Structure formats: structure tokens, C-alpha cells
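The values are calculated or read from the model by the stated rules, or taken from the named source; none is laboratory data. Remember, it's a predicted structure, so these values are computed and weren't measured experimentally. So basically every Cβ, Gly included, is an ideal-geometry build from the backbone, and we count neighbours across all protein chains shown.
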Amino acid sequence: MQVLHIISNKDKSGGTLAAMDLHNALLKQGYKSSVLSTDRLEGHLHGRGYRRYGGMIGHLQNILIKVENILAKPGLINFLDNFLLDSYLKNFRGVVHIHVTHVAQTSFILLNHLAKSNKVIWTLHDLWPLTANCIHPTYCKKWLSGCNNCPKLNEYPVLKWDNTPNLQQKKQAFISAHKIFFIAPSKWIKAEAKELVRNLDSSITVIKHGLDTSVFRQQKIEDIILTRAKIKIQDDEIVVFFPQARWDDAKKGKDWYSELLEKMEKANLLQKFCFIKIYGDEIEVKVRTNYFKEITLPYVTDKLTMASYYTAADVTVSISEIETFGLCIAESLACKTPVIARYANGVNELLDFSTEITAETSGELAELIISKNWKRFDYHKLYSQNFSFENWANKHIELYELPI
């Protein structure tokens, strides 16, 4: 059996990184895994991707994508993705595993061609595959009965005008035609999607994301001391780490972070606190009060570096409004670093719905930080979760090899 993963660009988005991690974990298990992206085919199979950059064909593809955007039909007009497939992929037989396609507006003509006569898996890295266009519907429930009069047209990915009924109908026709096996990385995603998936003659199961537990693990005390010294943390400071990479999105908690800064500055702190976040290209230190400072570290994707940050912290904080899975939380727990969080879907599940370490307002979260509430919580059960790549890969292999 062989599996072909389909992604958009090889960017640093969570879904793309998870797809590549799974691909590499499967290869280590001896499975014939390949990844098809816009620029290349790699892994067990090797070849070109489904996009060209430059030249007449690349120019035409860009024009078709612009036409799709003008007509509010992302992924429904561009026929060149399929035309550019390597010849040996045109007759691919195995498992087609779809991940993130909306970033590059991957053509549904291509997806239909690859899915024909093959078993199709689609991981719900978000709810976009089931909505007309939005990533996370949050308050809007129209997608469950039929998208129309969309209140989220200006959210990423932006639509020029409301073509949501047509978009959702096209997606649902694709799903029904191929009887897709959906993977939800969390129980809440499955609970949200299961009725609609069942109505589309498809199925859904939960497989939580995996981590490289050889990297994300508890570190030696001397390594922790070295990391803290390197990033200018004083011995008497409580280190509060915010590991998210995006700070321009309200759903990722940028407003909550601003409110936390304000509350920490006004609080009568009895101990020194240091907030650490990842953003930009340089180290920046802001001393906000005698007992509170903020350090901004350069954005990194290197897992060893991230693991060192988790273990150097006294606590990790999640402020996202919603998470499909909560990768940063899982990474922190694997490093044996406590987590406190904004009460949110995905986050709650990894924290076993423990109200002692979650907050519904930024004020409550600030109080959890100031009171060091994580020191009074038993994290043993949360630390013992099995996030290993091997376990993750094996669960996928079981699904791949189930009869259609």
C-alpha cells in the first residue's frame, strides 16, 4: 500500500507542518509515503508539483487563480493543476490523503482525478473542507444546514462576493462522490462535523496529532539554566511563555495579550514576572515595571529551539479563541512544562477540561498567572498522554489499510 499526501505550498502553517511530520513518521515505519505540493512530488515518489512559477504556464495559472477570486470560485476553474501532473501520478493507485488545499486554491479537478478509484482520507486541520469557505465558523452555524448570506466574507480566505451556497454544494458533491474518511485531530472537531459527514455518506474518526517526543521532552537542569541565561532571564523571574507564531489575528488572542500586559503592569506584584513571545527577527527586551518585563524572541521553526523555550519557562500560556488540536499545548506538556489557558475548543480537551487552569476572561487568566495557580495543579495525567510519532503513524496505517 502507498499513500499520497496532498498539500498546498510547503509553508509553515500548522496543517502543512503536520502533514510533513506524518509523512516522515510513515517513512520511518517503512510505509510508502509521498507528498504532492505546488512545487514538487517527494518521498517514495519523486517528480514535479502541480504549479509552475514563471513562464507561459505559470502566468496562465496565476490568471486562472485571479479569475477564480473575481468569480468567488476558489479551486473550481483552474484546470492546469491536473494537466501538469507527472504521467505516473495520472494512474496512481493507493490512498489519497488530503491535508491543506485552500492556501494555494488547489484545483478540485486535480483532487477529483487523484481521488477516482482510490481510498480518500481528509484530515480536518480546520473546518474549511465542510464549510463553504471559512476556516473556523465559530459563532456561525449556517454551514451545518447550508451556507448563505455569509457573515465572514472578509475573513481569510476572503471572498469577493457571497457565492457560498455554490461553493459548499461543490465541496459536498466531491465528498459524497468519494465517500471520504475524515480524520479529526480532536473530539470536538468530530462532534461538530459528524452529523454533516454522515449525511454526505462519509465517515469520521479521531486521531490526535503526534509530536517528535525525542525532541519535545523534559531537559536536563543544566540545559535549562543555559537557555535562560542566553535569552536574558534572571534567576528570580517567573517565566511565562506564549508560543504562538501569529500576533495579527484576534482569534489567536492578540487582544487578550494586550489586556494581560496592561493588567500585569497595574498589578501589585510581589515577585518578578517575565513574558516571552515569539515574533519578528530580533531579540527585544521591554522593562515595563520593576517587577515585570517582556522579551520578544525571533520567530523560529526549529523544534529543538522551541523545546528549549518550553523547558526554560515556568508555565506556557495559550490565548487562542479556538484550536483544532492545540499543538503548542501538546508540545509544552510533552516537555513537562505546565500550561494554563483561555477556555477554548481544542485547548480544553488537552487540559482534560480542568477549570482550575483555564480562564474565560483575560482578567481571570491574569489572576491565574499572578497567583501561580499551575503550582497547585497535578499535571501528572496530562503529562502522560502519548503524543509519539510512532503511535500517530500506526493509527493512520490502521485506517489506510481498512477495506473501503
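Observations on the model:
- Entry remark, segment 193-225: residues being closer than 18 Å to residue 335 by Cα, among the small types (Gly, Ala, Ser) and touching a residue at least 40 places away in the same chain (Cβ under 8 Å) number 1 in total.
- Any hit, segment 271-283, residues being more than 20 Å from the chain's Cα centre (by Cα), outside the structural domain of residue 352 (by TED's automatic domain parsing) and closer than 27 Å to residue 350 by Cα: no
- Taking residues in segment 226-254 that are touching a residue at least 24 places away in the same chain (Cβ under 8 Å) and more than 14 Å from residue 275 (Cβ to Cβ), and partners anywhere that are acidic (Asp, Glu) and in a loop (DSSP other than H, G, I, E, B), the pairs with Cβ atoms closer than 7 Å and at least 6 places apart or on different chains are 251/321.
- From the options 81, 11, residue that is without any contact (Cβ under 8 Å) to a residue 60 or more places away in the chain and either on the phi < 0 side of the Ramachandran plot or not aromatic (Phe, Trp, Tyr) (or both): 81
- Extreme residue, nearest to the chain's Cα centre (by Cα), among residues of segment 23-44 that are buried (at least 18 other Cβ atoms within 10 Å of the Cβ) and not in a strand (DSSP E or B): 23
- Condition check for residue 137: farther than 30 Å from residue 2 by Cβ and crowded, with 20+ Cβ neighbours inside 10 Å: yes
- Just one of the numbered conditions (1) over 22 Å from residue 124 (Cα atoms); (2) modelled with pLDDT of 95 or more is not true of residue 7: (1).
- Test: residue in segment 201-215 that is in the same structural domain as residue 110 (by TED's automatic domain parsing) and part of a helix (DSSP H, G or I): no
For every residue, the table says whether it meets (1) more than 18 Å from residue 104 (Cα to Cα); (2) not in a helix (DSSP H, G or I).
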{"position": "5", "(1), (2)": "no, yes"}
{"position": "12", "(1), (2)": "no, yes"}
{"position": "16", "(1), (2)": "no, no"}
{"position": "21", "(1), (2)": "yes, no"}
{"position": "72", "(1), (2)": "no, yes"}
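- Residue tally, condition over 22 Å from residue 121 (Cβ atoms) and without any contact (Cβ under 8 Å) to a residue 40 or more places away in the chain, over segment 159-188: 3
- Annotation note: of 367, 398, the sole residue that is without any contact (Cβ under 8 Å) to a residue 40 or more places away in the chain and within 22 Å of residue 238 (Cα to Cα) is 367.
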